[in-house]
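Q: Sharing a structure with you now.
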Amino acid sequence: MQDQLIIYNTLSRTKEKFVPINPGMVGLYVCGPTVYSDVHLGNCRTFMSFDLIYRYLLHLNFKVRYVRNITDAGHLEGDRDEGDDKFAKKAKLEQLEPMEIVQKYSLGFHDVMREFNTLPPSIEPTATGHICEQIEMIKIIIEKGYAYIKNGTVYFDVEKYNREFSYGQLTNRKMDELLEGTRELSGQDEKNGRLDFALWIQAKPETLMKWPSPWGWGFPGWHIECSAMSSKYLGETFDIHGGGMDLQATHHTNEIAQSQACNHKAPVNYWMHTNMLTVNGVRMSKTAGNGFLPGELFTGDHPLLEKGYSPMAVRFFMLQTHYRSTLDFSNEALQASEKGYARLMTSIKTLENLKISDTSTSNIQELQNNCYNAMNDDFNSPILIANLFEGARIINSVNDSKETITADDLSVLKKTMHDFVFDVMGLRPENNNSATDKALQGVMEVILEIRKEIKAKKDFAASDKLRDDLNKINITIKDTKDGATWSVQ
Ligand code: AMP
Ligand code: ZN
C-alpha cells in the first residue's frame, strides 16, 4: 500500500508518486507556531491537516520522524527584518519575561492540540535551544560566499545566490518579478539588495533575548531556525516539508536558499502547503481581528458564533474540506458538521449490534478500497468522508433489515470504519461516558418501556405522539421486530 501514495508537490506544481529517501521511512518537518500569543483556529487548521497526513503515513506503516518546531525567538513583526520583536513587545504588554510569554503560549498551544486530538510530533525543537546550530550554519553560508556582514548583522545575498541557483522556485517567480513587489532601498538600509534577508540580527541596547556570536551580541533571523533544525534532525535532504500557504513566498523560499547555499543540495523532496481558513472570505489572522480562539469556539463566547461547538465537531468540519482548498467558516457549515459527526458516531455504535447473514447486499471490499484510494490521492479527506457516510448508510440499512451482510464482510466493515474514523481522521467519541449521557440512556429506557405499555393497551395515537415529539428534539425511535431502539440524529 505504501507505494500507492500520491502527493501534490508545491515545487513541481503536480501530483507525484511518493518515493521516500529510505524505503519505509519518512522524514516530515512542519513549521510550528510562533508562541507569542494564543493560536487561533486558522493555525489549528494547518496543524490538524498535517496531523491527518502524519496519521495516514503511520497507518500505512511508515516509520515517521515528525519534527514540528516552536518559534520562540527571532520572529519580528511583519515577518521582515525590521520592527519590534514579537516576544519582547508582548512581554512588555503583559509585564512578563519574554521566556514567560514563550512558556505561557507553548502550554496553551499544547492544550489546544490535545483538545483537537492531534498526535504530538516525534521532536519539537525550539529556536532558542538551537542557537549554536544556527550560528554554525550561518558561518558556513558566509564562508561559501552567500552572505555578508554589516554592523553585526548578517545578510543573505540573494542576487549572488540567484546567479548559481534559482531563487523563488517554490512560487515559480523570477527575480525581476520578485523585485517588482518590493520597495526601493532607502539610504538608511544596510542591505545590498532589496530581496536580501537577515540570517543574524545585531542586538540593540534594549534587546532582551540575545546571544553572543562571531558577529557580536544578537539573535537569529526567522528563517534560519527551520533550516538548521530540519537538517539536524532529518538530514541535509529529507522527504516532506510542510506549512501554511502564506509561508511559501518568503519563509520557505528563504529556507531553500539558505540550505542550498550551505549544503549545495535541495533540502526537501516534497513541499506541502495547506490552504487558509477564512471568515466571510477574509483570511483568519490576529491582525484582521477575525481570529477567534479555540476556547471561544468551544463555549460560543464570540460575536461571530451562534453557539459553542465541540472539538470533534470542529475537527470533522476541518476534514470535510481538502487541505489544499480554502475553508470558509460559518455557523451553518459547523452545524451541518455537528450532525455529520454525530451520524458517523451513531453508525459505529450500531455496527456493534448488527446481525449477520449468508450473503451481503453491498460490496464492502470495494468500500474499503475506495477509502484507501481517497487518502492515497493526496490525502483527500472529503472523498474519504463521503465513503464513510456510505458505510454508515449500509450499517443503518442492515440494522433496518433492508440489507444483509456476511460475518467476513462485517469484520472488514468494522475494521474500515474504525481504522479511518479513529486512527486516520483522529476523531474520538465525545461525552459518551459523561453523567449526562448515562442519565439520558436511563431516561430513554424508561420512556421506551412506558411506550411499550401504551402500545400493549393499543393506544397507538399516544405511542405515535410520543415518537413524533421525541423526533422533534432529534431523537429517533425505530420499531424493530426485537423491540424499539433510539438514536440521536
Ligand atoms: P504562525 O504562528 O503565525 O507562525 O503560524 C503558524 C501556522 O499557521 C503557519 O503554518 C501558518 O501558515 C498557519 N496559518 C496562519 N493563519 C492561517 C489561516 N488563516 N488558515 C490556515 N493556516 C494558517
Ligand atoms: Zn519554518
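Q: Examine the stretch 187-194 for a residue that is more than 16 Å from ligand 2 (Cβ to nearest atom) and at positive phi, and state whether such a residue exists.
A: no
Q: With respect to residue 150, determine if the residue is more than 29 Å from residue 30 (Cβ to Cβ), modelled with pLDDT of 95 or more and among the basic types (Lys, Arg).
A: Yes; evaluated as a whole, the condition is true for this residue.
Residues checked against (1) in a loop (DSSP other than H, G, I, E, B); (2) in contact with a His (Cβ under 9 Å, 6 or more places away or on another chain); (3) touching a residue at least 60 places away in the same chain (Cβ under 8 Å):
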residue	(1), (2), (3)
88	no, no, yes
96	yes, no, no
100	no, no, no
103	no, no, no
107	no, no, no
117	yes, no, yes
120	yes, yes, no
133	no, no, yes
138	no, no, yes
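Q: So which of 439, 392, 462, 456 ends up being over 30 Å from residue 358 (Cα atoms), small (Gly, Ala, Ser) and surrounded by 12 or more Cβ atoms within 10 Å (Cβ to Cβ)?
A: 462
For every residue, the table says whether it meets (1) part of a loop (DSSP other than H, G, I, E, B); (2) without any contact (Cβ under 8 Å) to a residue 40 or more places away in the chain; (3) at positive phi; (4) within 16 Å of ligand 2 (Cβ to nearest atom).
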| position | (1), (2), (3), (4) |
| --- | --- |
| 322 | yes, no, no, no |
| 361 | yes, no, no, no |
| 368 | no, no, no, no |
| 372 | no, no, no, no |
| 387 | no, yes, no, no |
| 392 | no, no, no, no |
| 396 | no, no, no, no |
| 401 | yes, no, yes, no |
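Q: Please work out which one of (1) part of a helix (DSSP H, G or I); (2) away from ligand 2 (no atom under 12 Å from the Cβ); (3) surrounded by fewer than 24 Cβ atoms within 10 Å (Cβ to Cβ) is the condition residue 257 fails and give its number.
A: Every condition holds for residue 257 apart from (3).
Q: Would you mind finding the one in 276, 272 that is touching a residue at least 60 places away in the same chain (Cβ under 8 Å), within 27 Å of residue 332 (Cβ to Cβ) and either surrounded by 18 or more Cβ atoms within 10 Å (Cβ to Cβ) or within 16 Å of ligand 1 (Cβ to nearest atom) (or both)?
A: 276
Q: In the list 305, 234, 297, which residue meets the criterion of being of a type in the set (A, V, I, L, M), crowded, with 20+ Cβ neighbours inside 10 Å and either within 29 Å of residue 338 (Cα to Cα) or under 18 Å from the mean Cα position of the chain (by Cα) (or both)?
A: Matching residue, one of 305, 234, 297: 297.
The values are calculated or read from the model by the stated rules, or taken from the named source; none is laboratory data. Worth saying up front: this structure is predicted, and the values here are computed from it rather than measured. As a convention, Cβ positions derive from the backbone with ideal geometry for all residues, glycine included, and neighbour counts pool all protein chains shown.
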